[in-house]
Amino acid sequence: MAVGRYLLLLAQEHLNFRLAEIKSLLSLCGGRFSNQQEINVNSPFWILDIPSEEMTRKLMKRTVCAKSIFELWGHGKSAEELYTSLKNYPAERMLPYLQSNSTYKIGIHTFNKTLTQVEKIRKIDALEFLPFGGKVNLKNPEHVFWILEDYGMDPNNIPEDPLHLYFGRWIADGQRELIESYSVKKRHFIGNTSMDTCLSFIMANHARVKANDVVFDPFVGTGGLLISAAHFGAYVCGTDIDYNTIHGLGKASRKNQKWRGPDENIRANLRQYGLEKCYLDALVSDASTPIWRKGVLFDAIITDPPYGIREATKRVGSQKEISKSAEKSTENHVFVSSNYHLSDIFFDLLKFSAEYLVMGGRLVYWLPVYRPEYTEEIIPQHPCLKLISNCEQMLSSHTSRRLLTMEKVKEFKDQDQYSHLLDHQYMPYKGHNSFRDKYFSGVTKRIAKEEDDNQK
């Protein structure tokens, strides 16, 4: 089948992440996002050229950013333009869905405006020029058609008539229901920094995770990112320096619960969703000193490193620090942690990914930034990794975090081990180390301002 035109209806959530998700999933499905396609990234309606209907169905089986996709039969900036466009649509593409022995229904979706039932019926009746031969069946139709109207982005200035109108045949819905069915609120084992469900699925999609991949999270925490990868059929594993988190011990994160229960651990989380067969293991390990044998091991690395805000940035202390502690300790097991600078966390993460990812494998991770000082130069680089996407999520007026997706494009050689630490590259990243101080300085200023306002 020749390339067709499709209308993608997107959810108005996580706007900055939608384009990167759709691009990643199209490439996973064997397609490609054309740079010639003109879309308004903030609009809920995107017109896409996709090679086949089968590919659109594959796309919708993965996306959490899109609600539905339609085969686009016509569109315009007025009702007259829409009707003209529909009359020019090839009859041979319409007729298979308009047969006399078929059933159908027509729905209406409006963005930024609510129509009365009378208005909806009037708009549907205006399509009587289309050669519908079948019978209307509102409960269980074979074919569903939609009129979609866009009334713009400003809820305080809604136009009388739509700015854009579309008509198409519904093909498939996205995976928005995963956000509720995998909700963190219902999960057995959570922590202070458990990832938002929608974002965890977005990360898996940016990483192009697929069935039988091996996916790794070096800062695994309570394993939220493993769940989304396992849902798509990947085998998952992780490491974390926190012994209590890996083993599900210690104080609970939930309100009105003092200690974690016996069924609060990463394996129990995957078991809760019927995904235990995909769970390899989680190990207590220091991300700064890899424990793995040499050679490529992972198809994707998905992680949310600690920023020093709600979770400490720490690694195993030096031999000198451990020796000092051992002199004072009567315990056989000695663990001494030292500060793990953010710049070192990201350098170690990129080096590890360059070495252990398969060719074409992806690293997806969060980078916290102080917005007044942000430039593209502070994004960590490695000669073996190519930056694919950079999506911002606001945390406060002065801070945000960026979801970075990188792809391995070059085999790792011994000379690449420290090539990302060249002086001219290294200096801009040192600013990451003061992110915690800048974050809390902003919080302190805001509290002081609120107290001044209350005193006035």
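The values are calculated or read from the model by the stated rules, or taken from the named source; none is laboratory data. As the structure is a prediction and not an experimental result, all values here were calculated from the model. Cβ coordinates were reconstructed from backbone atoms using ideal geometry, including for glycine residues, and neighbour counts include every protein chain displayed. Ligands, DNA and RNA are excluded from the accessible area calculation, which covers all protein heavy atoms including side chains. Shrake-Rupley method; radii C 1.70, N 1.55, O 1.52, S 1.80 Å.
Rolling a 1.4 Å probe over the protein heavy atoms leaves Arg401 with an accessible area of roughly 30 Å².
The portion of the accessible surface of segment 152-257 made up by carbon and sulfur, rounded to a whole percent, is 48 (1.4 Å probe; DNA, RNA and ligands excluded). Using the Cβ-Cβ distance between Glu128 and Glu276 with R0 set to 41 Å, the FRET efficiency works out to roughly 0.15. Computed with every protein chain present, the accessible area of Glu392 is close to 40 Å² [probe 1.4 Å].
What a 1.4 Å probe finds exposed on segment 1-55 is 45% carbon and sulfur by accessible area, rounded to a whole percent. If you average the alpha carbon positions of segment 155-178 and of segment 98-112, how far apart do those two centres end up, in angstrom? Measuring centre to centre over Cα atoms gives 14 Å.
A 1.4 Å probe run over segment 1-59, with the rest of the protein chains in place, finds 46 Å² accessible per residue.
Taking the Cα centre of segment 127-210 as reference, the dipole from Cβ charges on Lys and Arg (+1) and Asp and Glu (-1) amounts to some 760 debye. Taking every Cα-Cα distance in segment 4-174 and sorting them into 5 Å bins starting at zero, the pair-distance distribution P(r) comes out as 1, 8, 16, 21, 20, 16, 11, 5, 1, 0 percent.
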